[in-house]
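Below is one structure; the comments refer to it alone.
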Amino acid sequence: MMFGGQVATVASVEGMPLAQPCSGVDLATAMVEALRAGGATLVTEAATAVTEGVPALQVATATQVLRAKSVVVATGCRPRLLDVPGEAALRGHGVSHCATCDGPLFRGEEVVVAGGGDAALQEALTLAQMCGRVSIVARFRPRARRAYVQQATATSNIRFIWDSTIDAVLGEDHVTGVWLRDVKTGETSDLACAGVFAYLGGIPNSEILPSSVARDEAGFVVTDLAFRTGANGVYAIGAVRAGYCGELVSAAGEAAAVARTIAG
Ligand SMILES: Cc1cc2nc3c(=O)[nH]c(=O)nc-3n(C[C@H](O)[C@H](O)[C@H](O)COP(=O)(O)OP(=O)(O)OC[C@H]3O[C@@H](n4cnc5c(N)ncnc54)[C@H](O)[C@@H]3O)c2cc1C
């Protein structure tokens, strides 16, 4: 597994008390280096199952089983897809989730960002620096923090298409447009564009946990205020957890709290 998580592809991390602007990849690299310097052993494999073995908990990977008294699950989320015709076939051919990596491919062209939350607006602002025009398509009025909405509103090549949803991604071997539907009137229209970037929240990576760990209806892990799950010794922190507030600074705080609890 790669280290870095959802923020690894972000051009400039917001909301962390950093001395100077920092990209997601630089932040992740600094954290990995700090862990190594602190003596941590890093295993670059996916965990496939966490089980309540006796006497220890077990974390399985494809090649080994690790045993531990405590397990902290910080597996976060994977991006929620539009789940519409054309999206899967055109992934990598105009459909993307990474503004920083793929934005330069659409220099001067029109792109569409789906979603109205913080991530959607943050990435739309990144794309606006490279692309000709960025259309933000969202079902609801902005849910993002006010500063992002104000910044996007003041950016001449960003426009909002509210109360709308994408019903299809159009194109044969690359994206040529999207099919839009006004969710209030039902009216449909097509919008020509070269790229589609969806930021619709995440699906929690909680499948590896045992059945004794409660999840909410969306699959987010339910914890108590000390981040304990229903399985003895198993904690959950960050974006995989129900009630997580969505910012790196909170994930770091949750990690510090659990580390203190485990250290006793
Ligand atoms: C586009 C975008 C921009 C954002 N910008 C900001 C920002 O500027 N500031 C901010 O504070 N927040 C930002 N966020 C939110 C922030 O990224 C998340 O709150 C944060 O990443 C949550 O961290 P996490 O470690 O809980 O989960 P994640 O970041 O999702 O990391 C989970 C990690 O676990 C790994 N993993 C998953 N399953 C397994 C498994 N089975 N075995 C081993 N490893 C596994 C994944 O590969 C990943 O590396 C942004 C989010 C997005 C999508």
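Using the Cβ of Thr188 as centre and a radius below 15 Å, the other residues enclosed give a net charge of -2, where K and R count +1 and D and E count -1.
Highest mean first, what order results for 99-108, 38-47 on Cβ atoms within 10 Å? Working shown, then result.
Numbers: 99-108: 16.9, 38-47: 10.3.
Packing proxy ranking, top to bottom: 99-108, 38-47.
Taking Cα centre as origin and charging only the Cβ of basic (Lys, Arg, +1) and acidic (Asp, Glu, -1) residues, the dipole magnitude of the chain rounds to 720 debye. Charged neighbours of Gly92, selected by a Cβ distance under 15 Å, balance to -3 (K, R count +1; D, E count -1). Here the simple spin-label model places points 7 Å from the Cα toward Cβ, and for Arg260 and Asp224 these points are separated by 1.7 nm.
Residues whose amide H comes within less than 5 Å of that of Ala198, counting only those at least five positions distant or on another chain, are Ser96, Ala114 (H built at 1.01 Å from N in the peptide plane). Evaluating 6.51 cos²θ - 1.76 cosθ + 1.60 at θ = phi - 60° for every residue in segment 193-210, the Karplus couplings come out as 7, 9, x, 10, 10, 9, 10, 10, x, x, 9, x, 8, 10, 5, 6, 7, x Hz, glycine and proline recorded as x.
Mind jotting down the distance between the C-alpha centroids of segment 216-234 and segment 58-81, whole Å? Measuring centre to centre over Cα atoms gives 14 Å.
In the elastic network of the chain, a GNM with C-alpha springs shorter than 10 Å, the most mobile of Val137, Val111, Val84 is Val84. Annotation: amide H of Cys131 within the under-5 Å range of Gly108, sequence separation 5 or more or interchain, hydrogens built in the peptide plane.
Taken over the C-alpha atoms, segment 79-198 has Rg and Dmax values of 13.0, 38 angstrom.
Unpaired Cys in the chain, meaning no second Cys C-beta under 4.7 Å: Cys22, Cys77, Cys131, Cys193, Cys245.
Antiparallel beta bridges, as assigned by DSSP with both residues in segment 79-198, represent about 45 percent of the total such bridges.
Could you work out [θ]222 nm for the chain from helices alone, using -39500 (n - 2.57) per DSSP H run of at least four and dividing by all its residues? Round to the nearest 500 deg cm²/dmol.
Values: 5 runs with 53 residues, N = 264.
That comes out to -6000 deg cm²/dmol.
Remark on Gly230: its backbone amide H falls under 5 Å from those of Ala214, a criterion applied only to residues 5 or more positions apart or on other chains, H modelled at 1.01 Å from N. In terms of its C-alpha gyration tensor, segment 112-151 comes out oblate, because a/c is 1.5 or above while a/b does not outweigh b/c. Multiplying each eigenvalue of the alpha-carbon gyration tensor of segment 25-138 by 5 and taking the square root yields semi-axes of 38, 19, 13 Å, largest first, rounded to whole angstroms. In this calculation the C-beta distance from Arg145 to Val183 is compared with R0 = 22 Å, giving a FRET efficiency of 0.40. Between the helical axis of 118-128 and the longest alpha-carbon principal axis of the chain there is an angle of about 50 degrees. Using Cα atoms only, what is the angle between the long axis of helix 24-37 and the major principal axis of the chain, expressed in degrees (0 to 90) to the nearest 10? That works out to roughly 10 degrees. Relative to the dominant Cα principal axis of the chain, helix 248-263 is inclined by about 10°. Along the axis of the charge dipole computed for segment 79-198 (Cβ charges of +1 for Lys and Arg, -1 for Asp and Glu, origin at the Cα centre), the listed residues Tyr148, Ser96, Ala198 are led at the positive end by Tyr148. Here is the P(r) of the chain: all C-alpha pair distances, binned every 10 Å from 0, give 7, 26, 31, 22, 12, 2, 0 in whole percents.
Any read-out appearing in this document is the output of simple, stated calculations on the displayed coordinates, not a laboratory observation. Every value quoted in this text rests on a predicted model; they were computed, and no experiment measured them. Note: ideal-geometry Cβ built from the backbone for every residue, glycine included; neighbour counts use all protein chains shown.
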